[in-house]
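Asker: I have a structure here, written as structure tokens, and I will follow up with some questions on it.
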Amino acid sequence: MPAVTRAYTTACVLTTAAVQLEFITPFQLYFNPDLIFRKFQIWRLITNFLFFGPLGFSFFFNMIFLYRYCRMLEEGSFRGRTADFVFMFLFGGFLMTLFGLFASLFFLGQAFTIMLVYVWSRRNPYIRMNFFGLLNFQAPFLPWVLMGFSLLLGNSIIIDLLGIAVGHIYYFLEDVFPNQPGGKKLLLTPGFLKMVFDTPEEDPNYNPLPEDRPENQPRDQDQNQQQHPQ
């Protein structure tokens, strides 16, 4: 399993398990600007993305979609670009947190999942999808199908709309605008993320010492002849 997908899904499962075992309560996790800025409970900026509700259909449904599309993004369009993938997490989480300051949203994990689904669906527009054997559609319609399903379950669609909106902002700034006439890449991954998450590339201008060059290394055959002279 890719590293970022493994870390995020594991954190979500462990958080839910801790709530189920009553080690912590949802009241210690939810997004509350007053507690964050006045009581300095900074952890709420992260924990509100990790709790998907008590164990049940909704939790497993969200975990399946989170794992599936997070993994497909990390192994697909973000393959070999872990720093860019982490930056998308940070960018999406930042925008959702800003929106949460002006709305009564307590947990943003579902919106984050929809954001991942949206970005994957726009980058794979020709894939045919099947939803529970009932609907057949192209991948870009998947976020809207999920929103309709959430509506049928009686849930608020504000969270789904937030995930779609943030996903579209990222997709537009990363994939669409740079390819427009006069456009340029606006989302630049910070260098420190690349240092931490990406394997450093070999310097094309690196000139090894003469003794380190391959052509100057003795071959095994030559060594064997020296060890066993005829």
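Asker: Quick one: helix 57-75 against the long Cα principal axis of the chain, what's the angle to the nearest 10°, folded into 0 to 90?
Answerer: Roughly 30 degrees between the two axes.
Asker: Give me the base-10 log of I(q)/I(0) for the chain at each q in 0.10, 0.11, 0.15 Å⁻¹, Debye formula, one uniform scatterer per Cα, rounded to two decimals.
Answerer: Reported log10 I(q)/I(0), two decimals: -0.56, -0.65, -1.08.
Asker: Report the gain in length on full extension from D34 to R79: 0.36 nm times residue separation, minus Cα-Cα distance, nm rounded to one decimal. Present the calculation step by step, with values, prior to reporting the outcome.
Answerer: Working: separation 45, 0.36 × 45 = 16.20 nm, distance 3.87 nm.
Stretched fully, the D34-R79 segment lengthens by 12.3 nm.
Asker: Could you report the chain's accessible area per residue, 1.4 Å probe, as an integer in Å²?
Answerer: Working: 14410 Å² over 230 residues.
For the chain, the solvent-accessible area averages 63 Å² per residue.
Asker: Quantify, in whole percent, the carbon and sulfur part of the accessible surface of the chain (1.4 Å probe; protein heavy atoms only).
Answerer: Roughly 62 percent, rounded to a whole number.
Asker: Here's something else I'd like to know. Once you have all Cα-Cα distances for segment 73-164, histogram them in 10 Å bins from zero and send the whole-percent values.
Answerer: All Cα pairs, binned at 10 Å, distribute as 15, 42, 33, 10 percent.
Asker: Let me ask you something else. Please sort by residue number the chymotrypsin sites (Phe, Trp or Tyr not before Pro) in segment 77-122 whose DSSP state is loop and whose Cβ has at most 16 other Cβ atoms within 10 Å.
Answerer: F102, F106
Asker: Would you look at the GNM of the chain, springs on alpha carbons closer than 10 Å, and say which of A139, A103, A83 moves the most?
Answerer: A103
The values are calculated or read from the model by the stated rules, or taken from the named source; none is laboratory data. Just so it is clear, the model here is predicted, and its values are computed rather than measured. Every residue, glycine among them, receives a Cβ derived from its backbone with ideal geometry; neighbour counts consider all protein chains shown. Ligands, DNA and RNA are excluded from the accessible area calculation, which covers all protein heavy atoms including side chains. Shrake-Rupley method; radii C 1.70, N 1.55, O 1.52, S 1.80 Å.
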